[in-house]
Amino acid sequence: MAVQIPNQAAVAAAPAFELKASSFTLPVIRLLSLDMDAVEAQLTTKVDQAPGFFRNTPVVIDLSELAHEKDNVGFPQLVGLLRGLGMIPVGVRGGGAAQNEAARAMELAILGDSARAAGRQQPAEGAPAEPQVDAPVGDDHGDHTPVSMLVDRPIRSGQRLYAAGGDLTIVGPVSSGAELMADGNIHVYGPLRGRVIAGLKGDIGARIFCRSLEAELVSVAGHYRVSENIPMDLKGRSVQVFLDHEVLRIEPIG
């Protein structure tokens, strides 16, 4: 019986992978101190407030406030701390030459200070800009007044939006694999897929409102339901999600 030998030229011509440019929205940790004990204590408190947000999340370390040759960042301890809290440090930005060299030794990527390096997506030529936000991890300098966030674009898979201190309103669809978070309420005027977390910091009065419930997970103040535990007669309907005596309820609207 003759054995057919594959045509090597045809095998070589068949693409085995595709290499293309892409970008993601990543949480950025702006390091303000080299006291790793203080960083650990404060960051642990942040993670405890919203463990689901940080679990297996890639993060970028911002060294712009410490970009001096004399500032020796303890990367082994810092990387170990982040990993111990469930995060995956992937790179640094804003550091000095010595800091970047130390980061390379820990196999961290060296990122530029542009919006793309910070994790913001760049629109294709001629396309409208997509709204993006860096997840606020550390306290920034200056006064910040909590404001609500309005996004009038579809939210694609992989995007993560967080409205700190206020409500989040999406005018459009939310794709599977996206994640919405707000300290207050979340309103979605379109099909709601992905993960949705209202009352992120424990506001038991927060609610989720949507026109078509298709979410993978809904959560209010730490109480949640996954898709499998949402009654079929509520899926695809306009609903509100809220807490009633520590019980997460989903009720149709109208």
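Does Leu82 fit the bill of being assigned to a helix (DSSP H, G or I), of a type outside the set (Lys, Arg) and in contact (Cβ under 8 Å) with a residue 60 or more places away in the chain? Explain how you work it out, then say what you get.
Details: assigned to a helix (DSSP H, G or I): yes; of a type outside the set (Lys, Arg): yes; in contact (Cβ under 8 Å) with a residue 60 or more places away in the chain: no.
Judged against the criteria, Leu82 is not a match.
If you go through region 28-68, how many residues are modelled with pLDDT under 80 and either among the polar types (S, T, N, Q) or not assigned by TED's automatic domain parsing to the domain that holds Ala103 (or both)?
Total meeting the criteria: 2.
Could you grab me the full set of residues in region 239-254 that are at pLDDT 90 or above and not hydrophobic (A, V, I, L, M, F, W, C)?
Gln240, Asp244, Arg249, Glu251, Pro252
Within region 178-238, considering only strands (runs of 3 or more DSSP E) that don't extend past its boundaries, which have at least 2 residues that are at pLDDT below 90, in contact with a Cys (Cβ under 7 Å, 6 or more places away or on another chain) and assigned by TED's automatic domain parsing to the domain that holds Lys46? I'd like the intermediate steps shown before the answer.
Working: elements: 179-182, 186-192, 195-198, 208-213, 217-220, 223-226.
Of the strands (runs of 3 or more DSSP E) lying wholly inside region 178-238, none has at least 2 residues that are at pLDDT below 90, in contact with a Cys (Cβ under 7 Å, 6 or more places away or on another chain) and assigned by TED's automatic domain parsing to the domain that holds Lys46.
Can you go through Val59, Val73 and tell me which one is among the β-branched types (Val, Ile, Thr) and over 24 Å from Ile197 (Cβ atoms)? Before you say what the answer is, go through the steps one by one.
Numbers: Val59 fails: over 24 Å from Ile197 (Cβ atoms).
Selected residue: Val73, the only one of Val59, Val73 that is among the β-branched types (Val, Ile, Thr) and over 24 Å from Ile197 (Cβ atoms).
Looking at (1) crowded, with 20+ Cβ neighbours inside 10 Å; (2) touching a helix residue (DSSP H, G or I) at 6+ places or on another chain (Cβ under 7 Å), which is the only condition Gln77 fails?
Only one criterion is unmet by Gln77, namely (1).
Among the residues of region 94-118, which ones are assigned to a loop (DSSP other than H, G, I, E, B) and modelled with pLDDT of 85 or more?
Here is the first cut: in region 94-118, the residues assigned to a loop (DSSP other than H, G, I, E, B) are 94-96, 106-108, 112-118.
Within region 94-118, Gly94, Gly95, Gly96, Met106, Glu107, Leu108 qualify.
The values are calculated or read from the model by the stated rules, or taken from the named source; none is laboratory data. Note that the structure is predicted; figures quoted are calculated from it, not measured. No Cβ is skipped: glycine too gets one built from the backbone with ideal geometry, and neighbour counts run over all protein chains shown.
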